[in-house]
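Quick notes on the structure that follows.
The values are calculated or read from the model by the stated rules, or taken from the named source; none is laboratory data. It should be emphasised that the depicted structure is a prediction, and the values quoted were computed from it without experimental measurement. Heads up, the Cβs are rebuilt from the backbone with ideal geometry, glycines too, and the neighbour counts pull from every protein chain shown.
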């Protein structure tokens with residue numbers, strides 16, 4: 001809202017960003033006065049400000065005076081709201097496993113018009129997971145989404161690489177999120193995937209495997225995580241849509257690695273470090289998560305604080321948001 005790059009990253013339309021700046025200039029004056037200055041009626045202004053009022057960015061006092069939170073505070077509110085949304089999406093994903101007794105332990109579990117309690121999907125304890133995914137890719141159209149906490153370590157890497165490469169050649173979008181350590185452990189794998197057209201982003205940690213194929217098929221471990229003994233095969237439209245929303249929320253917070261296609265697997269460590277600092281992670285945890293030495297982590301954090309001209313980690317987070325770094 002206050003800074004266009006951050007507003008755009010948070011999905012704030014330019015018109016809303018512009019309105020914020022206009023009313024911020026009039027903070028401390030009456031609603032009617034601000035409305036007149038913007039050539040709006042009182043009702044029109046309050047209607048446009050409704051989302052900001054609900055979010056706490058704008059407040060109308062008992063004396064009818066408009067109070068607008070300053071930019072840093074507004075950004076903190078918006079980031080807190082985005083964090084809440086991501087946490088809610090994570091909770092829904094975890095709740096999915098608890099809700100899936102309706103799928104049944106065997107059979108296809110396909111619902112019928114006469115049995116509205118059935119959900120379309122099943123729980124599988126055995127089977128060829130890569131083969132199933134390859135078959136889905138061949139049978140469907142639409143985007144492919146993957147969370148890959150450890151794909152590069154698995155014997156199925158070559159099979160999945162061929163399948164996703166073919167999907168890209170057929171004009172399909174393939175997006176995958178990896179943990180930051182993949183850039184240290186398997187740079188050649190990520191470079192190869194990027195060169196064939198897979199869109200790659202990294203986050204500090206990927207907590208579960210996930211595959212969404214097209215608009216109607218998804219597979220996650222049961223329970224969500226990296227174990228692969230039991231899998232939830234989901235075809236129910238609403239559940240697949242929820243998993244896509246979870247993936248998109250994570251994608252929006254992930255860091256791009258723009259040099260992958262040219263053969264350079266260095267991530268935007270600045271953003272990853274700032275994300276970890278904003279989450280309150282300790283140096284030792286950051287080092288483990290990003291696959292770096294503790295000394296390197298501390299040196300880079302010190303360098304970031306120096307670049308930002310701040311003395312504390314909290315201030316570094318605020319200044320990084322102001323500059324549009326995260």
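Could you say whether any residue in the range 117-130 is at pLDDT below 65 and either surrounded by 16 or more Cβ atoms within 10 Å (Cβ to Cβ) or touching a helix residue (DSSP H, G or I) at 6+ places or on another chain (Cβ under 7 Å) (or both)? Scanning the range 117-130, I find at least one residue that is at pLDDT below 65 and either surrounded by 16 or more Cβ atoms within 10 Å (Cβ to Cβ) or touching a helix residue (DSSP H, G or I) at 6+ places or on another chain (Cβ under 7 Å) (or both), so the answer is yes. Given the condition surrounded by 13 or more Cβ atoms within 10 Å (Cβ to Cβ) and part of a loop (DSSP other than H, G, I, E, B), answer yes or no: does some residue in the range 41-50 qualify? Checked against the condition, which is being surrounded by 13 or more Cβ atoms within 10 Å (Cβ to Cβ) and part of a loop (DSSP other than H, G, I, E, B), the range 41-50 yields no hits at all. For the range 208-225, does any single residue satisfy the condition of being surrounded by fewer than 17 Cβ atoms within 10 Å (Cβ to Cβ), modelled with pLDDT of 85 or more and closer than 30 Å to residue 121 by Cα? Looking through the range 208-225, at least one residue is surrounded by fewer than 17 Cβ atoms within 10 Å (Cβ to Cβ), modelled with pLDDT of 85 or more and closer than 30 Å to residue 121 by Cα. Checking each residue in the range 203-218 for being part of a loop (DSSP other than H, G, I, E, B) and over 13 Å from the mean Cα position of the chain (by Cα) picks out 208, 209, 214, 215, 216. Restricted to the range 246-322, the set of helices (runs of 4 or more DSSP H) holding at least 3 residues that are loosely packed, with under 14 Cβ neighbours inside 10 Å and either in contact with a strand residue (DSSP E or B) (Cβ under 6 Å, 6 or more places away or on another chain) or at pLDDT 80 or above (or both) comprises 294-308.
Looking across the range 51-67 at every residue that is under 22 Å from residue 317 (Cβ atoms) and surrounded by 15 or more Cβ atoms within 10 Å (Cβ to Cβ), the one that is farthest from the chain's Cα centre (by Cα) is identified as 57. Residue-level analysis places residue 138 among those that are modelled with pLDDT of 90 or more, assigned to a helix (DSSP H, G or I) and either assigned by TED's automatic domain parsing to the domain that holds residue 256 or touching a helix residue (DSSP H, G or I) at 6+ places or on another chain (Cβ under 9 Å) (or both). Taken over the range 153-184, the criterion of being crowded, with 19+ Cβ neighbours inside 10 Å, touching a strand residue (DSSP E or B) at 6+ places or on another chain (Cβ under 8 Å) and modelled with pLDDT of 85 or more is satisfied by 164, 167, 174, 176, 177, 178, 179, 182. One residue stands out in the range 7-37 among those that are in contact with a helix residue (DSSP H, G or I) (Cβ under 6 Å, 6 or more places away or on another chain) and not in a helix (DSSP H, G or I): the one that is modelled with the lowest pLDDT, namely 10.
Residue 200 satisfies every condition listed in (1) in a loop (DSSP other than H, G, I, E, B); (2) touching a residue at least 12 places away in the same chain (Cβ under 8 Å); (3) touching a strand residue (DSSP E or B) at 6+ places or on another chain (Cβ under 9 Å) except (1).
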